[in-house]
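What follows draws every value from the coordinates through simple rules; no lab data is involved. Model, not experiment: these values are computed from the prediction. Glycine also receives a Cβ, built like all others from the backbone with ideal geometry; neighbour counts cover every protein chain displayed.
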2 protein chains.
Amino acid sequence: MATSVVTPFKHADHDHGHCVDDALAQAERQCRQRGVRLTPIRRRVLELIWNGHAPVKAYDLLDRLRAERRSAAPPTVYRALDFLLEEGLIHRIESLNAYIGCGSPAHPHVGQFLICEQCHAVAELDDNDVHRVLSAKAGELGFLVSSQTIEINGLCPLCRDPSPGTATGSASG
Amino acid sequence: MATSVVTPFKHADHDHGHCVDDALAQAERQCRQRGVRLTPIRRRVLELIWNGHAPVKAYDLLDRLRAERRSAAPPTVYRALDFLLEEGLIHRIESLNAYIGCGSPAHPHVGQFLICEQCHAVAELDDNDVHRVLSAKAGELGFLVSSQTIEINGLCPLCRDPSPGTATGSASG
DNA sequence: TTCCCTGTGCAACACTATAACATGCGAGTG
DNA sequence: CACTCGCATGTTATAGTGTTGCACAGGGAA
Ligand SMILES: [Zn+2]
Ligand SMILES: [Zn+2]
Ligand SMILES: [Zn+2]
Ligand SMILES: [Zn+2]
């Protein structure tokens, strides 16, 4: 009955280089195994998304891409996003029109997201109890569940009870 | 522990005139009580949304409004939608960029939606068990919930097991 | 009357996403 | 080697969604 946490809230001083390196290494491995191509553009977009633990908007990605690659245009970033979504390497946050890295891309799933309204940090769950209760309630109405969008807004632990000296204005570490 | 159903899936032959009349009468009453103005535009937008039990897009509303009121423009419909959302008379479906009437506007709440991928019918729940399990899981991570977006996709009873002669291509009745 | 508040009209714009077609480029094949 | 097939990218344009800013109208309060 334990909550299955895919991506927890990170402490401000965690080693974020590891988050990014791990995510990219895992993506490389997974794409190689599946015989799909993590091209430079796709890899770079994934890296930009993983720069923080907060959702990133498509046109922000585009701005950053254009700084390095003059030819970048909306299709450039949307194609990369489509690929990454397809491969389960990122998720889309519907209520924000934004995208965030998946902490467990190896097995396909739809995440459940906790979104901090103050610092914009996001934690991802993939919790069976949640799936179960929703499927049960849906089943009572004769509804057959195929996918879920679950996005919870509120305050993360740091913003809820900030300790002195703790930064709360950003999730980019 | 019963599921609290705000708006169930409707049978194809239900008396939809009642749905609309009840919703408008309830809205009139509620706005009068609160001292806010259900102006003709706002009332008409609410009526257009209630024309079916499926989500309606803002620019579809705009098209229909413009047919009756040449001056209608995007702000016309978005202002009406803002008002109706504020008063709890409608909900926004984030995953569809669309809006649907609320079956229980009297007390403020965030709905949980079951969305049929085939006929686009929507049922609304406001279920305490769902709230409870999500709040509990969030609480385990120290997260304080303030609002939720819960949108479940799948097949409604009619589309899941269509009987002969039963229409399944529309939710507009 | 004058003032103020709210709702609406109107024009332009910002943001999000897709369509359609051209180009490049590398893997396989004869 | 030439050939071509498939996929990724480049390029331009357009569709879809939502907001800003300011002007104007009406009704109630001072
Ligand atoms: Zn990190
Ligand atoms: Zn926070
Ligand atoms: Zn009805
Ligand atoms: Zn259906």
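Things worth noting here:
- The H on the amide N of A:Asn153, modeled in the peptide plane, is under 5 Å from the matching H of A:Ile115, B:Ser146, B:Ser147, B:Gln148, B:Thr149, each at least 5 residues off or on a different chain.
- Amide H contacts under 5 Å for B:Ile90, placed H, 5+ residues apart: B:Leu85, B:Cys102
- For B:Thr39, B:Thr3, the sequence from fewest to most other C-beta atoms within 10 Å is B:Thr39, B:Thr3.
- Between copies, B:His16 shows label-point distances of 5.1 nm, shortest first, with the point placed 7 angstrom from Cα along Cα to C-beta.
- When B:Asp129 is represented by a point 7 angstrom out along its Cα-to-C-beta vector, the spacings to that point in the other copies are 1.4 nm, nearest first.
- Ascending count of other beta-carbon atoms within 10 Å, so fewest first, for B:Ser104, B:Ser146: B:Ser146, B:Ser104
- For B:Pro74, label point 7 Å along C-beta direction: distances to other copies, nm: 1.2
- Over all pairs of different C-alpha atoms in the stretch B:4-160, the reciprocal of the mean inverse distance, the Kirkwood hydrodynamic radius, equals 16.6 Å.
- 3J(HN,Hα) couplings calculated from phi for the stretch B:108-125 with the Karplus curve 6.51 cos²θ - 1.76 cosθ + 1.60 (θ = phi - 60°) are, in sequence order, x, 6, 9, x, 10, 10, 9, 10, 7, 6, 9, 9, 6, 5, 10, 10, 10, 10 Hz; Gly and Pro show x.
- Ellipticity estimate at 222 nm from DSSP helix runs (n ≥ 4, -39,500 (n - 2.57)) divided over chain A, nearest 500: -12000 deg cm²/dmol
- Karplus-based coupling profile of the stretch B:91-107, in residue order and whole Hz: 10, 9, 9, 4, 6, 10, 6, 8, 10, 9, x, 8, x, 8, x, 4, 10, with θ = phi - 60° in 6.51 cos²θ - 1.76 cosθ + 1.60 and x standing for Gly or Pro.
- Where GluC sites (Glu not before Pro) fall in DSSP loop in the stretch A:20-71, at most 15 other Cβ within 10 Å: A:Glu68
- B:Tyr99 long-range amide H proximity, modeled H, under 5 Å: B:Val56, B:Lys57, B:Ile93
- Most mobile listed residue (B:Phe83, B:Phe143, B:Phe113) in chain B, GNM with C-alpha springs under 10 Å: B:Phe143
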